[in-house]
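First up is the structure itself, then whatever we jot down about it.
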Amino acid sequence: MKIFSTCLLTAKHDFCKRTTRLEILKIIKRHLTVSETATALRPFYLAVHPDFYGQFPVERKVNEESLKKLHEYITDLHKTGQAKPTDINFYVRGKQEKGIFKILIDKYKYVNMKLLSGDVRSTVTTVLKSVALPLDYLDTIPRGPATSQIRWDSSYYHFTGKQNPHDEYYQATSKLHTGTLISWLQKKGPDAKRKLESSQNIQEQINELYEELIDFVGLEDINWYSDWEINHYMGCLRSFSRFCHNHPKEVKNILKGRSLVFGNKPGVSLYGEVVLSSADCDTDWMTFLSYVPAYDAVLERLPYMEKRLSELLGNIKIDRRKKKQIMMATEYELILNKILNCLRNCQRDVDRYFHGEDLSHLELVVEEGSAPMTLSSTGKFVTPSSIPGIVLVKFIAENKEKAYMILQDMALQGGMEKMIKKLCKEEFQLLSLKKEENVSPHKMIHCCERLLDDKIFLQSGLNNSKLNIAHYYALMHDGEMTIPWNWTSDIS
């Protein structure tokens with residue numbers, strides 16, 4: 001009897017460990033999700049953001065450190081439901097009348113906050129109230145967890161002897177629903193696991209060759225930009241390894257300290273990566289590598305050209321957006337030169353639209369082509385190099401406030417995204433979790449929250465897998481599964 005009691009207690013303890021985590025996740029989601037937290041804190045974030053304190057270094061430093069502490073505190077609450085009590089201080093912007101003409105000037109109020117709450121909603125409420133911001137958005141979010149939304153692990157029903165209300169669900173899903181994540185996992189999951197297992201040996205060989213070449217040549221990194229199968233990449237590394245050992249002195253002199261990429265055509269990227277074509281032979285590689293040092297002059301000119309472009313547009317930040325297709329340094333230089341020529345002739349328009357305003361808090365990406373100028377979902381201005389200067393200046397002037405708001409949202413949601421990705425990776429024991437460039441932090445957060453919400457039903461299909469979040473379903477050659485961020489659930 002004593003042995004039986006001990007086993008029973010052990011089983012109960014194991015069950016509690018398995019279910020408590022899920023229950024916590026469900027309650028947190030019902031109270032305040034990561035995306036809801038980001039939205040609720042948005043007005044506060046805009047009120048204290050360090051970018052507004054460029055001429056006040058002391059206040060800027062205080063706000064930077066306190067924002068970091070606030071984020072860590074909320075992250076701990078989202079992850080575990082607990083956080084260590086802490087004090088944070090902020091300087092909050094305001095306006096004050098000065099002089100007989102009642103001119104409005106910036107006024108910074110010092111605010112101290114004591115974070116003691118054990119839940120996210122109360123913490124957000126404390127923060128907003130401390131700076132007299134409204135709670136209208138928070139009031140629209142339901143307060144208490146709905147117990148009917150908590151789905152217990154099947155072990156709970158097995159242990160207690162209670163009827164599992166989701167038995168019918170399992171019976172129904174075994175027949176394979178169409179157009180849902182679970183149905184896709186049922187169909188593609190076994191094949192994904194087979195491909196993942198078969199690619200593991202090749203991946204280990206790739207890792208060994210990677211380390212060997214990094215050490216032998218003195219490379220910073222080796223990468224590849226292509227849709228090739230993993231076997232193709234393996235072949236490139238083996239060919240390059242033989243090439244290095246046949247020409248050790250020449251290769252080391254040219255490539256030491258550089259990053260190497262295997263692509264579809266040779267060149268030097270705007271980031272300084274040396275790109276070798278996988279279709280070329282050893283002789284072609286050697287011929288191209290002999291020209292690589294000549295590209296250093298181009299790479300040195302690019303930052304100066306970007307700085308000049310920034311100065312012509314009110315010190316706007318010039319950003320280089322990484323894309324799947326490699327842009328070469330020479331191509332980027334031509335693009336920058338073209339747009340610089342357009343802007344040199346319209347500085348009167350810059351003065352007329354910007355009035356000397358500092359735009360260093362905004363970001364601009366210059367790309368090739370002749371597409372219309374746009375404001376991306378991440379808050380960055382994206383312009384083709386062929387755009388007339390006046391059109392560029394006018395578009396930035398008309399959309400600068402909107403762009404800044406989006407950038408701040410991205411900054412706040414970016415921290416939340418890292419937290420939810422880490423949690424999702426841990427819960428499903430994922431080997432990797434990534435997303436495509438066109439999936440915004442908001443979409444990624446929404447996707448991960450829903451995955452965690454349906455963890456019990458998805459765990460068998462996702463555990464120990466490689467997962468990529470995009471806008472479509474796909475199974476890659478190495479077993480990586482791609483799913484849309486707004487995947488359809490079988491669960492109502």
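Of everything in region 422-435, what is assigned to a loop (DSSP other than H, G, I, E, B) and open to solvent by 30 Å² or more (accessible area, probe 1.4 Å)? Give them in sequence order.
Q429, L431
Note on region 46-93: residues that are more than 17 Å from V111 (Cβ to Cβ) and aromatic (F, W, Y) amount to 0. Scanning region 363-375 turns up at least one residue that is part of a strand (DSSP E or B) and free of Cβ contacts under 8 Å to residues at least 24 places away in the same chain. With respect to (1) open to solvent by 60 Å² or more (accessible area, probe 1.4 Å); (2) more than 26 Å from the chain's Cα centre (by Cα); (3) in contact (Cβ under 8 Å) with a residue 12 or more places away in the chain; (4) more than 16 Å from C244 (Cα to Cα), the lone exception for D284 is condition (4).
With respect to S290, determine if the residue is of a type in the set (S, T, Y) and over 30 Å from N246 (Cα atoms). For S290, the condition - of a type in the set (S, T, Y) and over 30 Å from N246 (Cα atoms) - is not met. Just give me the residues in region 365-383 being closer than 17 Å to R308 by Cα and touching a Lys or Arg at 6+ places or on another chain (Cβ under 7 Å), in sequence order. Of everything in region 365-383, just one residue is closer than 17 Å to R308 by Cα and touching a Lys or Arg at 6+ places or on another chain (Cβ under 7 Å), namely V365. Would you check if there is a residue in region 289-302 being buried (at least 17 other Cβ atoms within 10 Å of the Cβ), under 16 Å from L334 (Cβ atoms) and hydroxyl-bearing (S, T, Y)? Yes, that holds for at least one residue.
Yes/no matrix, rows are residues, columns are (1) basic (K, R); (2) out of contact with any helix residue (DSSP H, G or I) (no Cβ under 6 Å at 6 or more places or on another chain):
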{"site": "K265", "(1), (2)": "yes, yes"}
{"site": "V268", "(1), (2)": "no, no"}
{"site": "V275", "(1), (2)": "no, yes"}
{"site": "A279", "(1), (2)": "no, yes"}
{"site": "D284", "(1), (2)": "no, yes"}
{"site": "A294", "(1), (2)": "no, yes"}
{"site": "L299", "(1), (2)": "no, no"}
{"site": "I318", "(1), (2)": "no, no"}
{"site": "M328", "(1), (2)": "no, yes"}
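Within region 436-471, the residues that satisfy the criterion of being in a loop (DSSP other than H, G, I, E, B) and of a type outside the set (V, I, T) are E436, E437, N438, S440, D454, N463, N464, S465, H471.
Of the residues making up region 388-421, those that are within 19 Å of D358 (Cα to Cα), open to solvent by less than 20 Å² (accessible area, probe 1.4 Å) and β-branched (V, I, T) number 2. Select from region 14-53 the residues that are of a type in the set (A, V, I, L, M) and modelled with pLDDT under 50 and write down the one among them that is farthest from T126 (Cα to Cα). Across region 14-53, the extreme among qualifying residues is L22. Of note, S386 satisfies the criterion of being small (G, A, S), under 25 Å from E306 (Cβ atoms) and part of a loop (DSSP other than H, G, I, E, B).
The values are calculated or read from the model by the stated rules, or taken from the named source; none is laboratory data. Computed from a predicted model, the values in this text were never measured in an experiment. Here the Cβ is made from the backbone with ideal geometry for all residues, glycine too, and neighbour counts use every protein chain on show. Heavy atoms of the whole protein, side chains included, go into the accessibility calculation; ligands, DNA and RNA do not. Shrake-Rupley method; radii C 1.70, N 1.55, O 1.52, S 1.80 Å.
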